[in-house]
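The values are calculated or read from the model by the stated rules, or taken from the named source; none is laboratory data. None of the values given here were measured: they were computed from a predicted structure. Glycine also receives a Cβ, built like all others from the backbone with ideal geometry; neighbour counts cover every protein chain displayed. SASA here: full protein model, heavy atoms, side chains in, ligands and nucleic acids out. Shrake-Rupley method; radii C 1.70, N 1.55, O 1.52, S 1.80 Å.
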Amino acid sequence: MVFRKLPGVSASGMGLRLSQKFVFLLFLSGLVTLCFGALFFLPDSVRLKRIFLSKTESQPVTVGSENDVREHLKKGAKDPEHLRGITSAKGETSTKLKALSRKPSVTNEAKTDKKDAGGEALEDMMLSRSKTESASKGEKVTSSSNQGANTDTSFDYNKFKKCLLKPPLGIEHGKPSDPQTLQRREKVKEMMKFAWDNYKSFAWGKNELRPLTRNGHIGNMFGGLRGASIVDSLDTLYIMGLMDEYNDAKEWVETSLDLNSNGEASLFEVNIRYVGGLLSAYYLTGEEMFKRKVMVLGEKLLPAFNTPTGIPRGVINLGSGTSWSWGWASAGSSILAEFGTLHLEFVHLSELSNNGIYTEKVMNIRKLLNKIEKPHGLYPNFLSPVSGNWVQHHVSIGGLGDSFYEYLIKSYLMSDKTDEEAKKMYYSALEAIEANLVQKSPGGLTYMAEWRGGILDHKMGHLACFSGGMVVIGADDGAPEKRQHYLDLAAEITHTCHESYSRSATKLGPEAFRFDGGAEATATRLSDRYYILRPEVIESYMYMWRLTHDPKYREWGWEAVEALEQHCRVEAGFSGIRDVYAQTVSHDNMQQSFFLSETLKYLYLLFSDDDLLPLEDWVFNTEAHPLPVVRKRCLQGEGGTHDKTTSE
Ligand code: DMJ
């Protein structure tokens with residue numbers, strides 16, 4: 001723009017009119033804001049790092065394979081384009097992040113079925129492009145091992161069965177002797193059948209059922225994969241003895257689950273739902289088809305790990321292997337709860353394929369996390385897959401962090417208590433959590449606050465309520481003098497989460513509840529009031545019941561059943577609700593697949609005897625898919641401990 005003095009017009013200063021000066025200043029300040037703002041949206045790059053990071057921070061913390069590093073150095077740290085999207089860990093949109101600008105996902109599914117509030121935000125997955133080094137070089141989807149990921153599929157299923165301590169389905173499918181408990185269990189089974197039948201009638205082959213509009217929902221979390229509710233339901237149907245339904249599900253997986261999709265998926269969601277669902281279906285039934293499918297899918301996830309550090313990015317194109325970071329994740333970072341929730345499934349992929357590549361990938365993540373400096377011993381939620389450094393100091397046991405902690409203790413348990421590193425990391429993390437996050441409210445409720453660079457946010461998410469169960473399953477293996485303390489802590493957290501339910505009009509809990517401004521386990525913001533059929537509170541009831549046999553947990557579970565029946569059951573399925581405090585509910589029109597895999601499964605187990613999927617033999621992944629304890633010595637030797645006199 002050229003400024004010049006106009007004839008006949010009084011001028012001041014440099015010969016510019018006041019209005020011209022004003023326009024110029026406006027332009028200048030706009031330019032500065034734009035340049036400064038742009039820095040926040042740029043992902044890791046050498047240039048940025050030179051400006052903002054210290055020398056050490058700009059050096060990748062490398063525990064990835066040498067090849068990965070060399071590859072990175074060869075290419076230089078390219079600045080990936082960074083389109084912006086919004087979702088929280090696990091692909092769930094946080095309302096806070098929602099305030100940011102959006103760009104549509106590139107998947108076709110993304111163009112369909114937009115949700116508008118609360119739980120509907122789940123599908124609001126706007127993907128960001130922060131291309132991985134490998135993808136930008138056009139690498140194909142192949143395993144990083146030369147011979148491909150799947151080498152030897154001669155896993156001996158019969159031997160595996162012999163290495164279990166007990167029959168998976170117990171003596172009589174966990175049938176409780178007490179008539180009231182049996183009746184309650186039958187009710188849960190009926191709910192599962194109802195949810196399933198409606199899904200089958202109105203949404204068969206789609207990912208989820210929309211029960212109000214009686215149609216299917218695809219969404220964009222699974223990269224073009226379909227049938228999420230089917231894969232998520234296989235093991236629930238099987239353990240409930242709903243065999244016609246299970247057989248329909250199995251047939252669909254065999255004939256219609258197309259793994260050659262070419263869309264962009266959440267690595268985390270595909271892993272916990274599809275990989276987890278297929279693995280547990282295989283281990284429970286011995287159907288080879290499930291194993292074949294899961295091995296094909298597992299191999300497609302490997303390119304996500306081709307980053308300078310080996311920390312995978314959050315989004316992967318299942319066809320091309322290109323991967324991206326979530327647009328909303330600060331500076332192209334990866335999310336703790338996402339890359340930290342792969343361990344159980346990947347160890348089993350290695351078990352089944354006899355190919356160590358999967359275990360190698362997750363052990364590499366473990367190694368980096370073990371080595372990196374942790375503020376106050378805590379694990380922040382965002383980590384750069386390029387530099388291997390934390391990107392922000394936000395710590396949460398709820399969304400963004402949660403299942404990382406869960407997988408530490410479960411890795412230890414699933415390794416037949418041989419994975420000492422996981423054990424050590426879990427108990428140290430728990431110690432740091434107790435020292436920094438665990439709080440007592442004025443009303444005496446124990447809760448886990450969130451931590452932002454040392455400042456506490458006195459809020460607990462529904463997602464964080466899984467932690468009662470986590471703490472109780474780890475109670476026995478900590479220091480002996482802490483055992484009772486862990487049992488008490490688990491009970492207190494579970495009690496608080498129950499309070500968040502009982503203080504609402506519907507007796508269902510909100511998405512997040514607070515302990516400030518006079519609030520005690522209640523949501524204070526409108527945007528936190530929804531309930532999307534989540535399982536975490538019931539999950540903790542189930543573990544607390546198994547480990548203490550205190551009848552109150554079954555009573556609390558039954559309260560939840562009644563509330564679900566009263567407020568979430570609609571004519572054609574179950575739906576989330578928008579406000580747990582409203583007397584007259586408004587439904588969100590979504591039957592989440594985790595309702596079938598988790599909420600109803602945990603309720604069923606709560607009302608079953610302990611010999612249905614005994615905890616000595618099975619560890620549940622974060623989507624409640626049971627995975628067996630790996631008894632290496634037994635599997636590699638002649639041994640077998642299964643008492644053949646007990647039936648299945
Ligand atoms: C599930 O997909 C898993 O439990 C995950 O770990 C958290 N979110 C949902 C259920 O709320």
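Would you mind finding the one in Ala329, Ala304 that is in contact with a Pro (Cβ under 6 Å, 6 or more places away or on another chain) and either modelled with pLDDT of 95 or more or over 22 Å from Asn621 (Cα atoms) (or both)?
Details: Ala329 fails: in contact with a Pro (Cβ under 6 Å, 6 or more places away or on another chain).
None of the others qualify; the one that does is Ala304.
Could you count how many residues in the stretch 426-455 are of a type in the set (A, V, I, L, M), farther than 21 Å from Gly474 by Cα and open to solvent by 50 Å² or more (accessible area, probe 1.4 Å)?
Filtering the stretch 426-455 for residues of a type in the set (A, V, I, L, M) gives 429-430, 432-433, 435, 437-438, 445, 448-449, 455.
Next, from what is left, pick out any that are farther than 21 Å from Gly474 by Cα: 445, 455.
Next, only the ones that are open to solvent by 50 Å² or more (accessible area, probe 1.4 Å) stay: 455.
Number of matching residues: 1.
From the list Met470, Met425, exactly one residue is under 22 Å from the mean Cα position of the chain (by Cα) and more than 16 Å from the ligand (Cβ to nearest atom). Which is it? Please lay out each step first, then the result.
Details: Met470 fails: more than 16 Å from the ligand (Cβ to nearest atom).
Result: Met425 is the single residue among Met470, Met425 that is under 22 Å from the mean Cα position of the chain (by Cα) and more than 16 Å from the ligand (Cβ to nearest atom).
Could we say that Leu613 is open to solvent by less than 10 Å² (accessible area, probe 1.4 Å), farther than 17 Å from Pro535 by Cα and either within 16 Å of the ligand (Cβ to nearest atom) or assigned to a loop (DSSP other than H, G, I, E, B) (or both) here? Let's see the steps before the verdict.
Numbers: open to solvent by less than 10 Å² (accessible area, probe 1.4 Å): yes; farther than 17 Å from Pro535 by Cα: yes; either within 16 Å of the ligand (Cβ to nearest atom) or assigned to a loop (DSSP other than H, G, I, E, B) (or both): yes.
Criteria met by Leu613.
Out of (1) open to solvent by less than 20 Å² (accessible area, probe 1.4 Å); (2) more than 16 Å from the ligand (Cβ to nearest atom), the odd one out for Ser415 is which?
Ser415 satisfies every listed condition except (1).
For the stretch 301-338, which residues satisfy the criterion of being surrounded by fewer than 24 Cβ atoms within 10 Å (Cβ to Cβ) and either free of Cβ contacts under 8 Å to residues at least 12 places away in the same chain or within 24 Å of Glu351 (Cβ to Cβ) (or both)?
Scanning the stretch 301-338 gives Leu302, Gly321.
Out of all the residues in the stretch 523-565, which are among the β-branched types (Val, Ile, Thr) and closer than 18 Å to Ser502 by Cβ? Before you say what the answer is, go through the steps one by one.
To start, the set of residues in the stretch 523-565 that are among the β-branched types (Val, Ile, Thr) comprises 524, 532, 537-538, 548, 561.
Correct list: Thr524, Val537, Ile538, Val561.
Name the single residue that is farthest from the ligand (Cβ to nearest atom) among those in the stretch 617-638 being charged (D, E, K, R) and touching a Gly at 6+ places or on another chain (Cβ under 9 Å). Working first, answer last.
Quick first cut of the stretch 617-638, residues charged (D, E, K, R) only: 617, 623, 631-633, 638.
So of that shortlist, the ones also touching a Gly at 6+ places or on another chain (Cβ under 9 Å) come out as 623, 631, 633.
On the way: Glu623: 5, Arg631: 26, Arg633: 31 Å.
Once the filter is applied, the top-ranked residue is Arg633.
Please determine, by comparing only the residues of the stretch 488-509 that are within 24 Å of the chain's Cα centre (by Cα) and among the hydroxyl-bearing types (Ser, Thr, Tyr), which one is nearest to Tyr543 (Cα to Cα).
Among them, the one singled out is Thr494.
Which of the residues that make up the stretch 332-388 are in a helix (DSSP H, G or I), small (Gly, Ala, Ser) and within 26 Å of Leu456 (Cβ to Cβ)?
Within the stretch 332-388, the subset in a helix (DSSP H, G or I) is 332, 336-339, 343-353, 357-371, 375-377.
Next cut, small (Gly, Ala, Ser) only: 332, 337, 350, 353, 377.
Hits for the stretch 332-388 are Ala337, Gly377.
I need the full set of residues from the stretch 390-412 which are more than 16 Å from the ligand (Cβ to nearest atom) and open to solvent by less than 30 Å² (accessible area, probe 1.4 Å), in order please.
Of everything in the stretch 390-412, those that are more than 16 Å from the ligand (Cβ to nearest atom) and open to solvent by less than 30 Å² (accessible area, probe 1.4 Å) turn out to be His394, Val395, Tyr412.
When only residues in the stretch 195-217 that are out of contact with any strand residue (DSSP E or B) (no Cβ under 7 Å at 6 or more places or on another chain) and open to solvent by 30 Å² or more (accessible area, probe 1.4 Å) count, which is nearest to Glu559 (Cα to Cα)?
Applying the filter and picking the extreme gives Asp197.
Quick one: which residue in Gly517, Gly509, Gly557 is of a type outside the set (D, E, K, R) and open to solvent by 10 Å² or more (accessible area, probe 1.4 Å)? Steps first, please.
Details: Gly509 fails: open to solvent by 10 Å² or more (accessible area, probe 1.4 Å); Gly557 fails: open to solvent by 10 Å² or more (accessible area, probe 1.4 Å).
After applying the criteria, what remains is Gly517.
Could you tell me whether any residue of the stretch 598-610 is within 14 Å of the ligand (Cβ to nearest atom), at pLDDT 95 or above, of a type in the set (Asp, Glu) and not in a loop (DSSP other than H, G, I, E, B)?
Yes.
Restricting to the stretch 242-280, count the residues that are closer than 26 Å to Gly170 by Cβ and without any contact (Cβ under 8 Å) to a residue 60 or more places away in the chain.
11
Six or more apart or on different chains, Cβ under 6 Å: which pairs go from a residue in the stretch 379-403 that's without any contact (Cβ under 8 Å) to a residue 24 or more places away in the chain to one that's in a loop (DSSP other than H, G, I, E, B) and not aliphatic (A, V, I, L, M)? Could you list them?
If the second residue must be in a loop (DSSP other than H, G, I, E, B) and not aliphatic (A, V, I, L, M), the pairs left are Trp390/Pro380.
Among the strands (runs of 3 or more DSSP E) contained in the stretch 412-458, which hold 1 or more residues that are of a type in the set (Val, Ile, Thr)?
Details: elements: 438-440, 446-448, 450-452, 455-457.
Once the strands (runs of 3 or more DSSP E) in the stretch 412-458 are filtered for at least 1 residues that are of a type in the set (Val, Ile, Thr), what remains is 438-440, 446-448, 455-457.
Can you tell me which residue in the stretch 526-554 is most open to solvent (accessible area, probe 1.4 Å), limited to those that are out of contact with any Leu (no Cβ under 9 Å at 6 or more places or on another chain) and free of Cβ contacts under 8 Å to residues at least 60 places away in the same chain?
If we take residues in the stretch 526-554 being out of contact with any Leu (no Cβ under 9 Å at 6 or more places or on another chain) and free of Cβ contacts under 8 Å to residues at least 60 places away in the same chain, then Leu526 is most open to solvent (accessible area, probe 1.4 Å).
Every residue in the stretch 456-467 that is more than 21 Å from the chain's Cα centre (by Cα) and either open to solvent by less than 30 Å² (accessible area, probe 1.4 Å) or of a type in the set (Ser, Thr, Tyr) (or both), please. Steps first, answer last, please.
To start, the set of residues in the stretch 456-467 that are more than 21 Å from the chain's Cα centre (by Cα) comprises 456-458.
Result: Asp457, single match.
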